[in-house]
Amino acid sequence: MLIDAILLIGVGLVTGYASGLFGIGGGLLRIPIFLYLMPVLGVPSALAMHVAAGTSLAVAVPTTISASHSHHRAGNIDVGLLRTWLPALAIGVVIGLIATRYLSGRALEGLFAALVLVAGIRMLVPRAHKGSSHSTEHCPPGGDEGASPAEDPQAHLPSRPVLSIFALAIGVISPMVGIIGGTFTTPVLTACRYPIHRAVAVSCVGGLVVSVLGTIGFVVTGWDAAGLPARFIGYVDPLAFLLMTPCVLVTVPLGVHTANRLSQRALTILFGLLLLAIAADVAYSVVFWHGE
């Protein structure tokens, strides 16, 4: 148990700092480490991705609560858009959770590898909006960059049915790979010329919905899973949640502080290359599957 605790604290410190440093949600960082760590903690290899996703979403709950509260105080929350976005997102999460019950760990790891590959390529390609790389778990509130005060923020958004389809798709994919969805939400909204800080705020609130429903869902779907350590609650490791959460909350600001002193483009390229390496590693494990 002591060794488990030390490993989990280490993961929390490293992923929290890296999340703040590189400005990206912690799920993309936690999942690949969990895939290596979970078998060490006694999780069958075939269930490692399920447990990694469930535990990662649980760790994201407090951070998304904090981020959402910050954006609410800053006045970035677009209630009108959330009324359209959140119901479809929630339905998508439920569908995604049901799918994870029937998909193998190999299939989920393959999906995660594809996602990381896309994220890595995206980080290596220069973007018009610098803020679109903000971590949606730890996103700083602020004003709407480049937006005219007199302009309706939703003026260029597609119709409600189209927005609902986007949210539904993001909701389906996110729990399957253990992320809160900001990797998709912010780029989709900013591509529609929606103000960046409002887009990040929508990602934060949406991420809270994904993380809460996802955590509950992975507890339920993994309740009768065989071979898990006794302390696990379904596919969620409560020890990881208790030990990693304070580490993440403490080290994210340190990472942000370091990032402010370094070249953002250099950091983006470095992290993009890291994501490509992670994608290649996970893809290798899928091709040469080690599951039971």
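The values are calculated or read from the model by the stated rules, or taken from the named source; none is laboratory data. Computed from a predicted model, the values in this text were never measured in an experiment. All Cβ positions, even for glycine, are placed from backbone atoms using ideal geometry, and neighbour counts span all protein chains on display.
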Notebook entry, point to check: Just for the stretch 3-24: of the residues that are of a type in the set (Gly, Ala, Ser) and farther than 15 Å from Ala52 by Cα, which one is modelled with the lowest pLDDT?
Noted result: Gly23
Checklist line | Subset of the stretch 189-198 (residues that are under 17 Å from Ile77 (Cα atoms) and either part of a helix (DSSP H, G or I) or within 9 Å of the chain's Cα centre (by Cα) (or both)) | finding: Leu189, Thr190, Ile196, His197, Arg198
Next item on the list: Could you list, in sequence order, all residues of the stretch 75-120 that are free of Cβ contacts under 8 Å to residues at least 12 places away in the same chain and over 26 Å from His50 (Cβ atoms)?
Entry: Gly75, Val79, Arg83
Note to self: Can you confirm whether Leu35 is among the aliphatic types (A, V, I, L, M) and either in contact with a Leu (Cβ under 6 Å, 6 or more places away or on another chain) or at pLDDT below 85 (or both)?
What the structure shows: no
Next item on the list: Name the residue, out of Asp224, Asp237, that is of a type outside the set (Gly, Ala, Ser), touching a residue at least 12 places away in the same chain (Cβ under 8 Å) and within 18 Å of Ala48 (Cα to Cα).
Entry: Asp237
Notebook entry, point to check: Quick one: how many residues across the stretch 73-100 are assigned to a helix (DSSP H, G or I), within 23 Å of Arg160 (Cα to Cα) and not hydrophobic (A, V, I, L, M, F, W, C)?
Noted result: 6
Notebook entry, point to check: When you go through Gly92, Gly96, Gly120, Gly105 one by one, which is the residue that is under 18 Å from Gly272 (Cα atoms) and in contact with a Gly (Cβ under 7 Å, 6 or more places away or on another chain)?
Noted result: Gly120
Note to self: Considering only residues that are farther than 23 Å from Gly222 by Cβ and either of a type in the set (Val, Ile, Thr) or at pLDDT below 95 (or both), which ones fall in the stretch 167-189?
What the structure shows: Gly182, Thr183, Phe184, Thr185, Thr186, Pro187, Val188, Leu189
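Rundown of residues vs (1) under 18 Å from the mean Cα position of the chain (by Cα); (2) surrounded by fewer than 17 Cβ atoms within 10 Å (Cβ to Cβ); (3) at pLDDT below 95, yes/no style:
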{"site": "Val40", "(1), (2), (3)": "no, yes, yes"}
{"site": "Val43", "(1), (2), (3)": "no, no, yes"}
{"site": "Leu47", "(1), (2), (3)": "no, no, yes"}
{"site": "Val59", "(1), (2), (3)": "yes, no, yes"}
{"site": "Gly75", "(1), (2), (3)": "no, yes, yes"}
{"site": "Asp78", "(1), (2), (3)": "no, no, yes"}
{"site": "Pro87", "(1), (2), (3)": "no, yes, no"}
Checklist line | Subset of the stretch 265-286 (residues that are in contact with an Asp or Glu (Cβ under 9 Å, 6 or more places away or on another chain) and surrounded by 18 or more Cβ atoms within 10 Å (Cβ to Cβ)) | finding: Val282, Ser285, Val286
Note to self: Only one of Gly54, Gly16 is crowded, with 24+ Cβ neighbours inside 10 Å, more than 22 Å from Leu108 (Cβ to Cβ) and touching a residue at least 40 places away in the same chain (Cβ under 8 Å). Can you tell me which?
What the structure shows: Gly16
Next item on the list: Please find, within the stretch 247-264, the residue that is surrounded by the fewest Cβ atoms within 10 Å (Cβ to Cβ) out of those that are under 8 Å from Leu21 (Cα atoms) and small (Gly, Ala, Ser).
Entry: Ala259
